[in-house]
1. Based on the mean of other Cβ atoms within 10 Å per residue, sort peptides 58-64, 176-182, 206-212 so the most packed one is first.
2. Between D240 and D164, how high is the FRET efficiency from 1/(1 + (r/R0)^6) when r is the Cβ-Cβ distance and R₀ = 45 Å? Nearest 0.05.
3. Over the chain, what is the mean sequence separation of C-alpha contacts under 8 Å (at least six apart), divided by residue count, expressed as relative contact order in percent?
4. Mind grabbing the base-10 log of I(q)/I(0) for the chain at q = 0.15 Å⁻¹? Debye formula, identical points on the C-alpha positions, no solvent, two decimal places.
5. Could you check which residue among E169, E291, E68 shows the biggest mean-square fluctuation in a GNM of the chain with a 10 Å Cα cutoff?
6. Could you tell me the ratio Rg/Rh of region 65-205? Both radii from Cα atoms, Rh via Kirkwood.
7. If each Cα of region 199-305 is one equal point scatterer, what is log10 of I(q)/I(0) from the Debye formula at q = 0.12, 0.16 Å⁻¹?
8. Would you mind counting up the charge near H167? Only other residues with Cβ under 9 Å from its Cβ, with Lys and Arg at +1 and Asp and Glu at -1.
Amino acid sequence: MSRGLLSAAVTDRASRAWISDGAADIDRRAERELEALVGASSPSRDAAALEEVAAIATALLPPEAAVERPECSSPGSAPDLLARLSGTGAVRLLLLGHLDTVVAHAEHRPLERDGDRLTGSGTVDMKGGVVLALGVLRLLAAARESFAEAALLLVTDEEWRTHDFAHAERFAGFDACLCFEAGERGPEGEEGIVVRRKAAATLRLRATGLAAHSGSAPDQGRNALLAVAAAAERVAAAHDPRGPDRLTAVPTVLRSGDAFNVVPAAGELVCDLRADRLDAFDAVLATLPAELDGVALSSEMVRVWPGMDTRPAAAGLLSRAGALLGRPLVGVERGGASDASHVATRVPLTVDGLGPRGGGAHTASEFVLRDSLRSRAEVALAVTAALLG
């Protein structure tokens, strides 16, 4: 064997040992760390609650990390959490996640164990991923010769952000970003890594009509409810998931009326839009007029997130990581939005879905599969090792 091949073989053996031993270390702590993070209810836009969960995450950081609290993208939210490690190597690596959930305090569930399921609010979206990201950063703290900088960014507003993402430019020039949203399987049961996401937008329409007594003078009114219902049908008609942009257009919230005997003078419609291109949403807006039957309509996009397609950039990384892992890693697609999409506009080698597997995100039955904490830690460490070389 040549000296170069021998050196590569020794390096690969060392990397495989680091992956195996590191995943075991993460797994030993994962369940109790998840219990602590899930135990703190942290709905978006509750600054005090998010401070509590940020304090828990800070306590789980490696002591070598320099901790910053940069301003959140969303005014009024708790500051985001950024932990940084400096090294003597060449690679700059960002780990990414979020601390907020969609679950209100009244519906919050602390962690419960049911066989292989760890059920609780935010387990899979995405406090389980935060646990793995924290574990990876702790292991990197003991391998500082392998990177120039390793950073962990945990934001507090991912689930409902209507402002621009504030941090992408800060990490421009980083070599890679690993986002720890929930993991999944490939089409043949392989370990999946998310390399493609649709663009996403939230469309909000407001209707302004005229109130009138619904019994004695209904025709003197201008019914905002009927107008927003008609607008919802127009949006739904644009739904074309098999079309060139794979556009999905789904009305999700309709509000109108305050009393059973009054023609409603105001209404609101909210719709969720997903497509391969941001420009595809313009066609949906174009279907909505400024007025319907005397009711004024005002439409706007209140939340617009770019898509992500890092398949070409990530192909070599997945191949190298799979070789170190000893089982294949495949690129997969996910429709849901993620902050990885924002970072990918500045860091071309961005991959997502490195968290544990589970299900029920955004519902009362949300869960993480206990066994996946270790297997997905192995995946995350294999990807990290392949990046660091």
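Only the coordinates and a few stated rules stand behind these numbers; no lab work does. Quick caveat: nothing in here was measured; it's all calculated off a predicted structure. Cβ sites come from the backbone with ideal geometry, for glycine too, and all protein chains shown count toward neighbours.
1. 176-182, 206-212, 58-64
2. Plugging the Cβ-Cβ distance into 1/(1 + (r/R0)^6) gives 0.95.
3. With pairs under 8 Å counted, the relative contact order is 23 percent.
4. Log-scaled intensity ratios, in q order: -1.30.
5. Between E169, E291, E68, it is E291 that shows the largest mean-square fluctuation.
6. Reported Rg/Rh (Cα atoms, Kirkwood Rh): 0.99.
7. So the normalised log intensities are -0.42, -0.66.
8. -2
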